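The values are calculated or read from the model by the stated rules, or taken from the named source; none is laboratory data. It should be emphasised that the depicted structure is a prediction, and the values quoted were computed from it without experimental measurement. With ideal geometry, Cβ positions are generated from the backbone for all residues, glycine too; neighbour counts draw on all protein chains shown.
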Amino acid sequence: MLKRYTALLRVAAAAAAACLPLAAGCTLGGAAAGGYVGHETTHSTAGTVGGAVAGGIIGHELGK
């Protein structure tokens with residue numbers, strides 16, 4: 001189960017990275033990047049969610 005989740009996370013991160021130049025500074029791009037970094041640094045759900053929230057806020061502010 002964990003291998004499948006990790007593979008899905010990597011595919012989602014690659015898709016977000018591919019779309020990031022098109023959506024630079026937007027809330028979704030920031031949340032995707034923040035969630036990925038939060039997960040990779042803490043390996044916990046709380047880190048993923050916290051990173052996504054922080055990244056979304058930063059992306060939203062940069063997109064203004």
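If you take the residues in the range 1-27 that are touching a Gly at 6+ places or on another chain (Cβ under 7 Å) and surrounded by 17 or more Cβ atoms within 10 Å (Cβ to Cβ), which one is modelled with the highest pLDDT?
Taking the candidates together, the pick is THR27.
Going by the structure shown, is GLY35 assigned to a helix (DSSP H, G or I) and either among the acidic types (Asp, Glu) or modelled with pLDDT of 90 or more (or both)? Please lay out each step first, then the result.
Numbers: assigned to a helix (DSSP H, G or I): yes; either among the acidic types (Asp, Glu) or modelled with pLDDT of 90 or more (or both): yes.
Criteria met by GLY35.
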